[in-house]
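Q: Dumping the structure here so I can ask a few things about it.
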Amino acid sequence: MAAGVMRELDGLGFGAIRLVAASSLLVGLITVFQVAYQLAPYGAEVVSARAIAWFVAREIGPIVVAVLVVARSAAAIAGEFASMSANGEIDALRAMGLDPVKYLVVPKLGALLIALPALTAIAIVLAVVGGWVGMSVVLGFNTALYLEHLHESLAIRDLGVGLGKSVLFAMLIGLVAADEGLGVERRISAIGAAATRAVVFCLLGVLAADTLVNVVVYFIPGLT
Amino acid sequence: MSPALQGTVGGTTPEDFVLEVADLTGPAGVPVVRHVSLAVGRGRTHVVLGAMHSGKSLLLRLILGLERSRHGSITIDGVAFDAARPNEDELRRIRRGVGVVFESSALVSRLTLVENVELPVVEHTAVAAADARDMATQLLREVGVLGDLERTPDRLSRLDRRRTALARALVLKPSLLLVDEPGHGLDADAAAELDDTLLGLQERYGCAALICSQELRYAFRLPHAVSVLARGTVVDHGDLDHLRHSRHDVVRRLVDRRGVA
């Protein structure tokens with residue numbers, strides 16, 4: 001089992017690091033400019049750092065990673081399983097007395113449960129770095145000031161909410177993509193449709209789950 | 001098991017049957033296979049002969065429980081189960097004693113050849129990983145796969161894929177081998193070579209085989225018993241002599257078309 005998870009982690013986790021890193025840097029940069037632009041009339045651009053910290057940790061980090069993993073891996077998982085179904089490989093596994101869910105789905109789910117929180121942590125750090133580039137290098141604010149605002153606004157609970165969301169998204173992406181892939185008829189033409197459905201349902205699922213978590217968190221004292 | 005069926009498998013007693021299928025009808029929605037009964041004696045070969053779309057592949061899937069039957073019972077190696085309502089856990093245990101070669105070979109595309117063959121050993125036995133690899137390597141060489149065994153199946157010829165599937169089916173030394181269209185898509189030489197390998201290994205491992213094919217040569221070369229399937233029903237059943245002299249239309253057409261006296 002552990003070997004299976006490690007094998008999947010290579011593709012689902014390590015393979016996504018560069019994409020997540022580049023995207024997070026850019027998203028951090030974009031966010032800081034958007035917030036600074038809104039605050040400029042009040043002469044409060046420096047407060048952008050405060051917004052960056054909690055918004056990236058709670059929302060942008062987990063969502064960006066989830067969307068990138070959906071785009072990169074949900075279609076791949078569903079396509080792989082649908083292709084295996086069409087080629088009779090799933091039947092072959094069952095005929096060998098193996099449970100396809102245990103043999104195929106569980107390692108992918110395990111890898112996603114490790115990869116998404118780890119990628120989210122990386123995304124949060126790099127989005128904050130992207131925000132610093134925007135604040136300090138482009139807008140010319142002092143790095144120490146940026147760090148001070150960051151330190152004041154970022155709490156452990158923000159990271160907890162963000163990482164908690166990533167675990168939820170990992171479960172959702174893994175289960176929906178696997179279900180779409182394994183649930184198809186044994187036809188080659190079903191592979192593309194399964195991949196498309198997986199992406200659509202995973203994206204909708206991630207956004208719906210994020211909305212739900214945000215609503216729940218809003219009403220839980222101590223988490224907002 | 002009807003006396004008629006028992007008589008056709010060389011006088012084996014019921015306890016000698018490694019596979020018994022009784023009144024199998026399925027799949028559950030629209031039955032394509034209807035009231036099929038057959039038995040395969042231990043170490044014997046039974047060929048199910050039929051044209052395309054006669055229900056041969058579906059019959060194998062129903063026996064394996066990969067498709068749910070409408071009714072019927074199946075006994076594999078003394079363990080009986082209701083084909084319409086099998087217990088999945090029990091079915092998984094039963095399947096471990098059955099080797100299957102699918103028409104498409106159905107090798108796991110993400111695994112290498114040697115990983116494909118060692119997979120049942122790794123998953124179902126306590127054999128050490130290195131020993132499982134040795135077993136798989138040895139068996140792959142026995143079935144005639146040459147060259148690098150760390151290749152993935154997509155880089156293999158159809159014959160080598162079929163050989164690898166045969167090695168995977170035999171690696172746990174099953175008491176029953178189910179083979180679907182062994183010569184499908186192979187040229188005459190390759191098919192003959194695979195037949196020889198199949199025969200040799202079946203004899204060496206002492207397992208029974210149920211071979212589904214539309215090719216009459218399997219009926220004349222390999223079996224102890226033949227069932228002729230047409231439109232999902234066994235229309236004739238017997239040993240080789242019976243088949244040669246059968247007066248049934250479907251059997252006569254099969255035999256005459258191929259110029260067999």
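Q: For the structure I just gave you, tell me whether B:Thr152 is among the hydroxyl-bearing types (Ser, Thr, Tyr) and either surrounded by 24 or more Cβ atoms within 10 Å (Cβ to Cβ) or closer than 30 Å to B:Glu20 by Cβ (or both).
A: The answer is no for B:Thr152.
Q: Given the conditions (1) surrounded by 18 or more Cβ atoms within 10 Å (Cβ to Cβ); (2) out of contact with any His (no Cβ under 8 Å at 6 or more places or on another chain); (3) of a type in the set (Gly, Ala, Ser), which single one is not true for A:Gly97?
A: Condition not satisfied by A:Gly97: (2).
Q: Now for a different question. Give the residue, chosen from A:Glu80, A:Glu45, that is modelled with pLDDT of 90 or more, acidic (Asp, Glu) and open to solvent by 10 Å² or more (accessible area, probe 1.4 Å).
A: Matching residue, one of A:Glu80, A:Glu45: A:Glu80.
Q: Report every pair of residues separated by at least 6 positions or lying on different chains whose Cβ atoms are under 9 Å apart, first residue within the range B:10-35 and more than 13 Å from B:Thr233 (Cβ to Cβ), second among the small types (Gly, Ala, Ser) and at pLDDT below 80.
A: Listed pairs, sorted by first residue: B:Ala22/B:Ser2.
Q: Among the listed residues B:Ser109, B:Ser73, identify the single one that is touching a residue at least 12 places away in the same chain (Cβ under 8 Å) and more than 21 Å from B:Leu58 (Cβ to Cβ).
A: Going through B:Ser109, B:Ser73 in turn, the sole match is B:Ser109.
Here is a yes/no grid of residues against (1) assigned to a helix (DSSP H, G or I); (2) surrounded by fewer than 24 Cβ atoms within 10 Å (Cβ to Cβ):
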{"site": "A:Gly162", "(1), (2)": "yes, no"}
{"site": "A:Val167", "(1), (2)": "yes, yes"}
{"site": "A:Val176", "(1), (2)": "yes, no"}
{"site": "A:Asp179", "(1), (2)": "yes, yes"}
{"site": "A:Thr196", "(1), (2)": "yes, yes"}
{"site": "A:Leu203", "(1), (2)": "yes, yes"}
{"site": "A:Asn214", "(1), (2)": "yes, yes"}
{"site": "A:Gly222", "(1), (2)": "no, yes"}
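Table: residues versus (1) without any contact (Cβ under 8 Å) to a residue 24 or more places away in the chain; (2) among the hydroxyl-bearing types (Ser, Thr, Tyr).
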| residue | (1), (2) |
| --- | --- |
| A:Ser24 | no, yes |
| A:Gly28 | no, no |
| A:Tyr37 | yes, yes |
| A:Trp54 | no, no |
| A:Ala66 | no, no |
| A:Glu80 | no, no |
| A:Glu89 | yes, no |
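Q: Return yes or no: is A:Ser136 touching a Lys or Arg at 6+ places or on another chain (Cβ under 6 Å) and polar (S, T, N, Q)?
A: no
Q: Continuing with this model, one more query. Being in contact with a Pro (Cβ under 7 Å, 6 or more places away or on another chain) and surrounded by fewer than 22 Cβ atoms within 10 Å (Cβ to Cβ) is the filter; apply it to the range B:97-120 and report the residue that is farthest from the other protein chains (Cβ to nearest Cβ).
A: Selected residue: B:Gly97.
Q: Can you confirm whether the range A:104-125 contains a residue that is assigned to a helix (DSSP H, G or I), within 14 Å of chain B (Cβ to nearest Cβ) and either surrounded by fewer than 19 Cβ atoms within 10 Å (Cβ to Cβ) or in contact with a strand residue (DSSP E or B) (Cβ under 6 Å, 6 or more places away or on another chain) (or both)?
A: Yes, because at least one residue in the range A:104-125 is assigned to a helix (DSSP H, G or I), within 14 Å of chain B (Cβ to nearest Cβ) and either surrounded by fewer than 19 Cβ atoms within 10 Å (Cβ to Cβ) or in contact with a strand residue (DSSP E or B) (Cβ under 6 Å, 6 or more places away or on another chain) (or both).
The values are calculated or read from the model by the stated rules, or taken from the named source; none is laboratory data. Source: prediction; values computed, not measured. Note that each Cβ is placed from the backbone with ideal geometry, even for glycine, and that neighbours are counted across all protein chains shown. Note: accessible area is taken over every heavy atom of the protein model, side chains too, but ligands, DNA and RNA are not part of it. Shrake-Rupley method; radii C 1.70, N 1.55, O 1.52, S 1.80 Å.
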